[in-house]
Amino acid sequence: MSTVTSAFAVSLAVATLPACAQISSQGSSDAPSMKCETGPLFKTFGGTKWFLYSCPDGKTLVIYSAPGSPAEPFYFMFFPAESGYRLYGEGTGAKAATEAAMKELKSLTRENIASLIEETKSAKK
């Protein structure tokens, strides 16, 4: 992965995670900012390639569309919520590609997500 892509991934995670953390903590304004840069792990969801990074809290997973992917630019984020995990996605990639990935991501269990987070920790940079 290029340095530009990596910098984009980290910047996007840093910019978006505090907002998501605030949502998950019911509006707390003292949510910590996190750099979600553990990884990347390469996976395919919905027939499209994605880069996965975990965050320092050990519970948040960020999923970025790979360069050249029809889903680019797009990201998803799993973050902890009272009932397990919330899935959030944003971007302007091809709708068919992002919807296919979202459908597959929605089927992941809490255990699947925890396993992906663990896999990012042993992924080679």
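The values are calculated or read from the model by the stated rules, or taken from the named source; none is laboratory data. Keep in mind the model is a prediction, meaning the values are calculated, not measured. Don't worry about glycine lacking a Cβ; one is built from the backbone with ideal geometry, like all the others, and counts go over all protein chains shown.
Suppose we filter 123, 101 for residues that are within 15 Å of residue 51 (Cα to Cα) and modelled with pLDDT under 95; which single one remains?
On the way: 101 fails: modelled with pLDDT under 95.
Residue meeting the stated conditions: 123.
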* Asked: Say we look at the range 71-90 and pick out the residues that are surrounded by 15 or more Cβ atoms within 10 Å (Cβ to Cβ) and either among the aliphatic types (A, V, I, L, M) or in contact with a Pro (Cβ under 9 Å, 6 or more places away or on another chain) (or both); which of these is farthest from residue 116 (Cα to Cα)?
  -> 71
* **Unmet criterion (only one of (1) touching a strand residue (DSSP E or B) at 6+ places or on another chain (Cβ under 8 Å); (2) within 15 Å of residue 39 (Cβ to Cβ); (3) among the hydroxyl-bearing types (Ser, Thr, Tyr)) for residue 85** => (2)
* Being at pLDDT 95 or above and surrounded by fewer than 21 Cβ atoms within 10 Å (Cβ to Cβ) is the filter here, so list the residues in the range 39-58 that pass it. => 42, 43, 44, 46, 47, 49
* Which condition number does residue 104 fail, the rest of (1) closer than 20 Å to residue 35 by Cβ; (2) touching a Gly at 6+ places or on another chain (Cβ under 7 Å) being met? -> (1)
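Let me confirm something: among 114, 100, 96, which residue is touching a Ser or Thr at 6+ places or on another chain (Cβ under 9 Å), surrounded by fewer than 18 Cβ atoms within 10 Å (Cβ to Cβ), in a helix (DSSP H, G or I) and not hydroxyl-bearing (Ser, Thr, Tyr)?
Values: 114 fails: touching a Ser or Thr at 6+ places or on another chain (Cβ under 9 Å); 96 fails: touching a Ser or Thr at 6+ places or on another chain (Cβ under 9 Å).
After applying the criteria, what remains is 100.
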